[in-house]
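A.B. asks: Structure below; questions to follow.
The values are calculated or read from the model by the stated rules, or taken from the named source; none is laboratory data. Being a predicted model, the structure only gives us computed values, none of them experimental. Positions of Cβ are generated from backbone atoms using ideal geometry, with glycine treated the same way; all protein chains shown enter the neighbour counts.
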């Protein structure tokens, strides 16, 4: 194994061979990353935030077109991003779960008043 990938916020990590996609590594580590396209870079659901110091292979043409500049902010598609050394990535919260959590927080605030 040539690379260790750590997933946040769970803190789980896994050792993989260089060239393994972040999505494949996440699946092997038991970390859920949402996707609809099965890793074909067409749904944009598997985007992750790559933390500084992570070593990934450069962004390819397909991924670059899909990200449309977001790669400059550290975003990558986990189905396309390939490990080239140790990496740490932040998996954004599922949009539906995040919306439900915000609504519950608002309800709790309202209940306190």
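A.B. asks: Does residue 16 meet the test of being at pLDDT 95 or above, crowded, with 20+ Cβ neighbours inside 10 Å and farther than 17 Å from residue 93 by Cα?
C.D. replies: Working: at pLDDT 95 or above: yes; crowded, with 20+ Cβ neighbours inside 10 Å: yes; farther than 17 Å from residue 93 by Cα: yes.
Yes: the conditions hold for residue 16.
A.B. asks: Given the criterion in contact (Cβ under 8 Å) with a residue 24 or more places away in the chain and under 23 Å from residue 14 (Cα atoms), identify the matching residue among 76, 27. Let's see the steps before the verdict.
C.D. replies: On the way: 27 fails: in contact (Cβ under 8 Å) with a residue 24 or more places away in the chain.
Testing whether each residue is in contact (Cβ under 8 Å) with a residue 24 or more places away in the chain and under 23 Å from residue 14 (Cα atoms) leaves just 76.
A.B. asks: Assuming residue 37 fulfils every condition listed in (1) under 11 Å from residue 79 (Cβ atoms); (2) modelled with pLDDT of 90 or more; (3) assigned to a loop (DSSP other than H, G, I, E, B); (4) out of contact with any helix residue (DSSP H, G or I) (no Cβ under 9 Å at 6 or more places or on another chain) apart from one, which condition is it?
C.D. replies: The number of the failed condition is (2).
A.B. asks: Now for a separate question. Can you say whether residue 69 is closer than 19 Å to residue 24 by Cα and more than 16 Å from the chain's Cα centre (by Cα), as far as the supplied structure shows? Can you show your working first?
C.D. replies: Values: closer than 19 Å to residue 24 by Cα: no; more than 16 Å from the chain's Cα centre (by Cα): yes.
No; evaluated as a whole, the condition is false for this residue.
A.B. asks: Quick one: residue 26 ticks every box in (1) surrounded by fewer than 18 Cβ atoms within 10 Å (Cβ to Cβ); (2) in a helix (DSSP H, G or I) except a single one, so which number is it?
C.D. replies: Failing condition for residue 26: (1).
A.B. asks: Still on this structure, please answer the following. Inside region 41-73, can you point out the residues that are farther than 20 Å from residue 94 by Cβ, out of contact with any helix residue (DSSP H, G or I) (no Cβ under 8 Å at 6 or more places or on another chain), in a loop (DSSP other than H, G, I, E, B) and in contact (Cβ under 8 Å) with a residue 12 or more places away in the chain?
C.D. replies: 52, 53, 54, 55, 57, 60 - these are the residues of region 41-73 that are farther than 20 Å from residue 94 by Cβ, out of contact with any helix residue (DSSP H, G or I) (no Cβ under 8 Å at 6 or more places or on another chain), in a loop (DSSP other than H, G, I, E, B) and in contact (Cβ under 8 Å) with a residue 12 or more places away in the chain.
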